[in-house]
Amino acid sequence: MRPVEEIKGVGGQLTDKLHAMGIMYIEDLIDCNLEKLVAGGVSQARAEKILIQAKDEVNKCRLLTGSALLKKRETVGHITTNVKALDALLGGGVETMCLTEFYGEFGSGKSQFTHQFAVNVQLPVEAGGLHGSCIICDTEGSFRPERLIEMIQGVKEIHPGIEFDEELALENVRHVRPDSATEQLELMSVFTAFADEMKDTDYPVRLLVIDSLISAFRAEYVGRESLAERQQILNKYMNALRKFADTYNAVVYLTNQVQSNPAQFFGDPTKPVGGNIVGHASTVRCYIRKSKGNKRVVKLVDAPHLADGEEVVLVTTSGIVPPED
């Protein structure tokens, strides 16, 4: 992100006015409207000019060569799942700069991975973490700090040489439970502001969890007559999540509900909710289902650079572990 003073013709006085409105970077201007700038003391002609210049500057930066894109990809990080075979299936773990969706029935273990990633993101890079903090948007009320404590103890057993302060680990997890789909959408601006605030700290935000993506939307947009509106809003939401992942080099982990197709007589009739909008927007898509006992099968359904496959994990008191444990 580049400071606004890099725009041609933006001097000290105009910079001070923009800073007073909370506009620090050129990218901030893209999300700003003309009325706000005028209300902040910028003349209408000047405001129109710098908005056009800001868009031109950002659009120039979006035209990347293949080598530049490859260099950007070198900054991608991963969060370990604690299971080496599953990490390998996912290309090293759950990846930053993309949307990773786990869908499955209730009780399949989607929220278990939510808790595990909230702990593992805080690990150093060499241990499979990102040395970062996380935000959990809990639409179903399934998050439990007690479960985090159990998993922290489990991580200490896996990495006995790493210091893991329990109190600090809990402080590095921010939780919010929206009451509606509208509030869920509005919280994206809060998440972005908080990530900006934390980016130069010891534990920047490197994980955003939406658990679950669709719950509030299914409750509020009922009936076929509301389907088109719901999908349009979902599309904007998925774009905002993708932008968050890219801006902060963060993992965005989404859990999704499923529905059954009663007309399907052969094979598994379950499919994720959200239709093609969610399907196309999710970069990596995994289907998680129950197996015998505490075992869960994680199937990689879609990824642009990975082969399909599946691996078995075990859900224990200390967290997600390989089945042989």
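Where a number appears in this text, it was derived from the coordinates with a stated rule and is not lab data. Since we're looking at a predicted model, the values are computed, not measured. Virtual Cβ from ideal backbone geometry, glycine too; neighbours counted across all protein chains shown.
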Charge dipole of the chain built from unit charges on the beta carbon (Lys, Arg +1; Asp, Glu -1), centred at mean Cα; most positive-end Cα among LEU29, GLY77, ALA127 is LEU29
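By how many nm would the segment from ASP179 to ASN33 lengthen if fully extended, with 0.36 nm per residue of separation less the alpha-carbon distance?
Working: separation 146, 0.36 × 146 = 52.56 nm, distance 2.83 nm.
Gain on stretching ASP179 to ASN33: 49.7 nm.
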Rounded to the nearest 10, the angle in degrees between the Cα long axis of helix 145-158 and the longest principal axis of the Cα atoms of the chain comes to 70 degrees
Asserting the computed 222 nm helical MRE of the chain (DSSP H runs at least 4 long, -39500 (n - 2.57) per run, divided by residue count, to nearest 500) equals -12500 deg cm²/dmol
Relative to the chain, whose Cα atoms define the longest principal axis, helix 181-198 and its Cα axis are tilted in degrees, nearest 10, by 70 degrees
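Based only on the alpha carbon positions, what is the Kirkwood hydrodynamic radius of region 174-323, in angstrom? Mind dumping the intermediate values first?
Working: mean 1/r = 0.0572 Å⁻¹.
Evaluated over region 174-323, this radius sits at 17.5 Å.
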D (µm²/s, integer) via Stokes-Einstein for region 1-158, Kirkwood Rh across alpha-carbon pairs, 37 °C, 0.692 mPa s: value 169 µm²/s
Between the Cα axis of helix 110-120 and the main Cα principal axis of the chain, the angle (0 to 90°, nearest 10) is 70 degrees
Residues whose built amide H sits under 5 Å from the amide H of VAL301, excluding neighbours closer than 5 in sequence, are ARG285, CYS286, TYR287
Hull surface over four for the Cα convex hull of region 73-321, reported in nm², is 13.4 nm²
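Quantify how much of the Cα-Cα distance distribution of region 121-167 extends past 11 Å, in percent. Working shown, then result.
Working: 792 of 1081 pairs.
Of all Cα-Cα distances in region 121-167, 73 percent exceed 11 Å.
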With a Förster distance of 30 angstrom and the Cβ-Cβ distance between ARG73 and GLU5, calculated FRET efficiency to the nearest 0.05 equals 0.50
Restricting to lysines and to Cα separations under 20 Å from LYS55, and discarding same-chain partners fewer than 8 apart, the set is LYS8, LYS17, LYS36, LYS236, LYS243
Evaluated at 20 °C and 1.002 mPa s, the Stokes-Einstein D of region 1-88 based on the Kirkwood radius over Cα pairs, in µm²/s, stands at 140 µm²/s
Taking a straight Cα-to-Cα line shorter than 18 Å from LYS72, and setting aside same-chain aspartates and glutamates fewer than 8 residues away, one finds GLU95, ASP246
